[in-house]
Amino acid sequence: MMIRSLSTLLFVALFCTCGPSPAKETTAETTAPVAQEGVSYPVIDIARLEYLFDNATYMDATFYNLPVSINQSSLPQIRSTLGGIGADPATIAPNCSPAGHIWFQVNGKNVEEADIYFQQGCTAYVWYEDGKPAYSNQMTQSGAGFYQNIINSVKQQTGGGK
């Protein structure tokens, strides 16, 4: 339903602000635990994603093992990121751990947040409700491409791609 063309994905990748993350201490709040056994959650209600699609004013994502964060403040950029959320629920395997965390805001208020899972065999969003994981969605191919472009860019900038 919300699939975007490759050109839109490239547009977003070129115009998202990717810069060094401020140094942070690792705390229980910033490091989600690795699942002990496969965990599955139902998909987030489509009405919640539609609300973001129509009203989000800001998106922020941080990564646990990359020296970047992503900030988007234009609705077309945010919509493209939302286009990377699939319709199917995700099962988080025991060997999967979150690569980062994403927040969506409407007029300065955090409305939705999720862990970002991005590794071989585990590409998904796990959405939070009341501070706890509650929903999940598989990541689309374009969503996975978005994060892969960020990783490739970081490797090029830091010399890790040689």
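Structure notes:
- Extreme residue, surrounded by the fewest Cβ atoms within 10 Å (Cβ to Cβ), among residues of the range 52-69 that are without any contact (Cβ under 8 Å) to a residue 60 or more places away in the chain and over 22 Å from Gln148 (Cα atoms): Asp54
- Here the strands (runs of 3 or more DSSP E) wholly within the range 89-160 that include at least 2 residues being polar (S, T, N, Q) and either out of contact with any Cys (no Cβ under 7 Å at 6 or more places or on another chain) or buried (at least 16 other Cβ atoms within 10 Å of the Cβ) (or both) are 132-138.
- Inspection of the range 8-22 finds no residue satisfying the criterion of being at pLDDT 90 or above and over 15 Å from the mean Cα position of the chain (by Cα).
- Flag not set for Tyr51, criterion: under 16 Å from Gly143 (Cβ atoms), modelled with pLDDT of 95 or more and not small (Gly, Ala, Ser).
- Enumeration of residues in the range 70-81 that are outside any loop (DSSP other than H, G, I, E, B), touching a strand residue (DSSP E or B) at 6+ places or on another chain (Cβ under 7 Å) and surrounded by fewer than 17 Cβ atoms within 10 Å (Cβ to Cβ): Asn71
The values are calculated or read from the model by the stated rules, or taken from the named source; none is laboratory data. Since the model is a prediction, treat every value here as computed from it, not as a measurement. Ideal geometry is used to build each Cβ from the backbone, glycine not excepted, and the neighbour counts take in all protein chains shown.
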